[in-house]
Amino acid sequence: MKIVFATHNQHKLKEVQSLLPTSIKLLSLTDIGCTEEILETATTLQGNAKIKADYIRKAYGYDCFADDTGLEVAILYGEPGVYSARYAGANADSEANMNKLLSKLKGKNNRQAQFKTIIVLNLQDSQYVFEGVCKGEILHKKNGKQGFGYDPIFKPEGYDVSFAQMPMEEKGTISHRGKAVAELVKFFEELPRK
């Protein structure tokens, strides 16, 4: 089965493809020739994922899933949340986003946080929603070179290392995206065979 994952992010594509059974081949937005920017204007993660999945379905006709992920920090009332990718500004990169977050948490002892991923799947004429959460804490400084986004400053519950210090396979089994994709995979496995 071929299905579009509504992303241009090759790190994300590779991470999700590694979690899926080999019978499911992912196509990226680049693979289907989608070069236009799909504006994420919703105020929730599910809303943004739905915008992307619905756009691909309507404009390109593909079965498709899209995700949106947010890092939610308890003491900051859920910030950066839906604005995680652009926390330090519209054109900010991961370094700027991490630096802003570390600055806001300076001197704070409560560093509890969670990553949340919502996946919206458009398959034939139906829509399905999957969720994954990974609880942990924000470190005081960046550690590790793997992964992307906030990975160097997020330490998952029960571990002594950041996401960026973990092999991709290990991170995939415990991460928010890994859990949401696991729900997606379970759904695909339970689909009746034609």
Fill in the blank from the handout: Counting Lys and Arg as +1 and Asp and Glu as -1 over every other residue whose Cβ sits under 14 Å from the Cβ of Ile51, the net charge comes to -2
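Note down the magnitude of the dipole of the range 47-148 about its Cα centre, charges +1 on Lys and Arg C-beta and -1 on Asp and Glu C-beta and zero elsewhere, to the nearest 20 debye.
Details: 15 positive and 11 negative charges, 114 e Å.
Dipole magnitude for the range 47-148 comes out near 540 debye.
Would you mind telling me the share, in percent, of accessible area of the range 151-194 contributed by carbon and sulfur at probe 1.4 angstrom?
On the way: 1200 of 2350 Å².
Answer for the range 151-194 is 51 percent, counting heavy atoms of protein chains only.
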Problem - Per residue accessible area of the chain, 1.4 Å probe, in Å² - result: 53 Å²
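So what is the relative contact order of the range 1-104, in percent, for Cα pairs below 8 Å that sit 6 or more residues apart?
Details: 121 pairs, mean separation 22.0, N = 104.
So the answer I get is 21 percent.
Leaving out ligands, DNA and RNA, and with a 1.4 Å probe, what % of the accessible surface on the range 1-108 is carbon or sulfur?
Details: 2980 of 5670 Å².
Reported share for carbon and sulfur atoms: 53 percent.
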Problem - Rough spin-label spacing in nm, given labels placed 7 Å along Cα→Cβ, for Ser18 and Glu95 - result: 2.4 nm
Handout entry: Gained length - Asp125 relative to Lys108, 0.36 nm times residue gap less alpha-carbon distance
Key = 1.3 nm
Problem - Residue of Asp151, Asp67, Asp31 that the Gaussian network model of the chain assigns the largest fluctuation, springs spanning Cα pairs under 10 Å - result: Asp31
Fill in the blank from the handout: Under the helix-only model (-39500 (n - 2.57) for each DSSP H run of 4 or more, divided by the residues of the chain), the mean residue ellipticity at 222 nm, to 500 deg cm²/dmol, is -9500 deg cm²/dmol
Handout entry: For the range 106-174, with +1 on Lys and Arg beta carbons and -1 on Asp and Glu, the positive-most of Pro156, Ser126, Asn143 along the dipole
Key = Asn143
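Provide the FRET efficiency to the nearest 0.05 for the Ile75-Thr30 pair, computing r from the beta carbons and using R0 = 45 Å. Each step should come with its number before you reach the end.
Numbers: r = 38 Å, r/R0 = 0.85.
That gives a FRET efficiency of 0.75.
Antiparallel as a % of all DSSP beta bridges within the chain, to the nearest 5? Can you show the working numbers first?
Values: 27 of 32 bridges.
Here the share of antiparallel DSSP bridges comes out near 85 percent.
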Fill in the blank from the handout: Across 10 Å bins beginning at 0, the whole-percent shares of Cα-Cα pair distances in the chain come to 9, 37, 36, 16, 3, 0
Completion exercise
Treating only Lys and Arg (+1) and Asp and Glu (-1) as charged, each at its beta carbon, one finds that the chain has a dipole about its Cα centre, in Debye to the nearest 20, of 340 debye
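The values are calculated or read from the model by the stated rules, or taken from the named source; none is laboratory data. Predicted model, so just to flag it, every value in this text is computed and none were measured. Methodologically, a virtual Cβ is constructed for each residue, glycine included, from the backbone with ideal geometry; neighbour enumeration extends over all protein chains shown. Keep in mind that these areas ignore ligands, DNA and RNA; they rest on the heavy atoms of the full protein, side chains included. Shrake-Rupley method; radii C 1.70, N 1.55, O 1.52, S 1.80 Å.
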